[in-house]
Each structure stands twice: as C-alpha cells, then as structure tokens.
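These notes concern the structure reproduced below.
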Amino acid sequence: MNLCDVKTIKHIMTVFDLKFRKEFGQNFLINRAVVEDIADNCADSVETSILEIGPGIGPLTTELAMRYEQVVALEIDHGLIPVLKYTLGEFTNVTVYNEDVMKADLDELLKPYFEKGKVSVCANLPYYITTPILMKLLECGLPFDYITIMIQSEVADRLCAKAGSSDYGAITAVLAYYGVAEKLFTVSAGNFMPAPKVNSTVVRIKLHKNKPYVPKDEKTLFRTIKGAFEQRRKTLPNALAASFGELSKDEITEAIVACGHKPDIRGERLGIEEFVALSDKLYECINKD
Ligand code: SAM
C-alpha cells in the first residue's frame, strides 16, 4: 500500500469516515521520495529505536519500521488509531499510542528503548505546536541521538541561524546549548495534502553527548538569553536590566564588559559560548556575599 498516494489517502479517509483535522495540523505527505529521504537520514545506525510524533495514517512510520529496530509513535487524533492498526498491521516492531506528546511522560514511555540502545526522534511536526514540542524534547533531558523534524521553513531558518543575523533569536541560542542543527532539505507545499500555505524544511539536530558550554546555573542562562531577545532593539545592558530586576544597570554593564564586550553590544551578537560566560558573571553578581 502506498500511503503517499492521493487516491489511497482519500479512500482511507472515506472508509474510516475521517476529515483532515486542521486543529491538529494534519497536512499529510504525498511524496514517497520525501518520506524515504527523511527516514534514511534520521539516524546513523539501524540499531536505533525511533520516537515518531504524529504518524497520521503512517507513511513515515512504515519507512521507519523498515529501516530501524523499533518505532514508537504518538498520535493525538483517536480517529487515526484504527487506521494505523490497518496500515501498520504487518509490522511487529511498531507501537502506536493515542497520546498528546505534550502530555506524554516520555521518560517512562521510552525507558525500555533507551535500555536497549540508541533512541532518535523523527517527525513531520504539526505547525501549530512546533516550538513547544521541540522545547519539550530538548528540555526533557533524554539522551536522544538525533531529533529530525520537518517544520515550517521560516522556523528552520531561525533554528539554524548564525549569531548576528536577523533570523537569530532566543530559540537559536537555546538550541545551540543542546546540540547542533542542520537543514537537510526543503519540501514545497505541493508535497502535502491538504497543501499548507508555506514551504517546509527538514532539520536534523545532533544532540551533544557532553555539552561543550556548561553554565553555573541553567535558569540564569535561559533568563539571560530570553532577556537579551525580549527587548531586541535595545542594547544588552538595557535589555537585561528589564529582566534582572535584582541587579542595577551598572552591575549588568560591568558583567558584560568583564566578558570582553562593548557596553553597547546587542544580544543578537552573542553565540551560546558567550551567553554561558555572561550568565555565569550575572549569576556571580546575584549571589555575591
Ligand atoms: N506523519 C504524517 C505524514 O507525514 O503524513 C502526518 C504529519 S501531520 C503534519 C502531523 C500529525 O501530528 C497529525 O497526524 C496530527 O494528528 C498529529 N498531532 C498533532 N498534534 C499532536 C500532538 N500534540 N501529539 C501527537 N500527535 C499530534
């Protein structure tokens, strides 16, 4: 069964009496070559278990099941569960859960798979909730090998932006703390049904096994990054003064200068290494005596 074939998809939707649910970001892939490409590139060893978020009717799940040891798929839409039983019936290495990834206990769910070996994430993500899902995957602290996601091209540009560029933002710096992101390829809107208004890009994130830059305090690091970009047009001392109310502007300026920056620098110039160093100085300042 070719689950990327438009006629097949329409037939399945009719037989199971389903409609594409916009509120769940249901834009199904209709180009098998794209699905194969994603599956080929989302892990570097076949001895990997894959967490798939949002299998839909199962085109990517099928390709993942053929390539990797185990697939665990979380699908929020209960209407798709009987479809997945039908389309994935032949695979003994796939487990589907009717779950919202945002509510799922990933630690508990994936424990047996991490005990067996490597685990990576692969998903054609729903647009409406891309960033919260990505943040959950990063912040949960699970040692995924890779996180490979198809997302809106505009968001992909932000994730992979260089410091100092207009696309560079808080999410870029936070992501760089956890791993290294690269764009694999772009997929135009016509490869989906229904077609979204924008193009998509597949981004692969290789998570750091050992983070190269470790702050004294993670919370202060994230406060520093968030503060720097919340007031993007302001210079860094002014931007940070708004979010570090317990420090004076002079103390913040001193910390910035002590890190080797000019006092009128803007946050968007700082890479993750520099944010970590600055957050350490601010942390010392907050906790002195
Ligand atoms: N993987 C399929 C494909 O490529 O054709 C479907 C991708 S579609 C863009 C996104 C899928 O994620 C849909 O099946 C949708 O129901 C599911 N989904 C949306 N929100 C979800 C959530 N919070 N947790 C789990 N699945 C979700």
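Laboratory data are not the source of any read-out in this text; all were calculated from the coordinates shown. Note that the structure is a prediction, hence the values are computed from the model and not measured. Methodologically, a virtual Cβ is constructed for each residue, glycine included, from the backbone with ideal geometry; neighbour enumeration extends over all protein chains shown.
Numbers below:
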{"quantity": "Mean projected area in nm² (Cα convex hull; one quarter of hull surface) for the stretch 142-212", "calculated": "5.5"}
{"quantity": "Entries of LYS162/LYS262; LYS162/LYS226; LYS118/LYS162; LYS211/LYS249 with Cα pairs more than 23 Å apart", "calculated": "LYS118/LYS162; LYS211/LYS249"}
{"quantity": "Those trypsin sites (Lys or Arg not before Pro) in the stretch 1-96 that DSSP places in a loop and that have at most 15 other beta carbons within 10 Å", "calculated": "LYS19, ARG21"}
{"quantity": "Low-density loop positions, trypsin sites (Lys or Arg not before Pro), the stretch 116-183 - DSSP coil, at most 13 other Cβ in 10 Å", "calculated": "LYS162"}
{"quantity": "Beta bridge orientation in the chain: antiparallel %, DSSP, nearest 5", "calculated": "50"}
{"quantity": "Alpha-carbon Rg/Rh ratio, for the chain, with Rh computed the Kirkwood way", "calculated": "1.05"}
{"quantity": "Gyration tensor verdict on the stretch 218-286 (Cα atoms; rounded if a/c is under 1.5, prolate if a/b is larger than b/c, oblate otherwise)", "calculated": "rounded"}
{"quantity": "Value of Rg/Rh across the stretch 1-130 [Cα atoms, Kirkwood radius]", "calculated": "0.94"}
{"quantity": "Normalised convex hull volume, the stretch 153-289, alpha-carbon set, Å³ per residue", "calculated": "120"}
{"quantity": "Lone cysteines, the chain (no partner Cβ under 4.7 Å)", "calculated": "CYS4, CYS140, CYS160, CYS259, CYS285"}
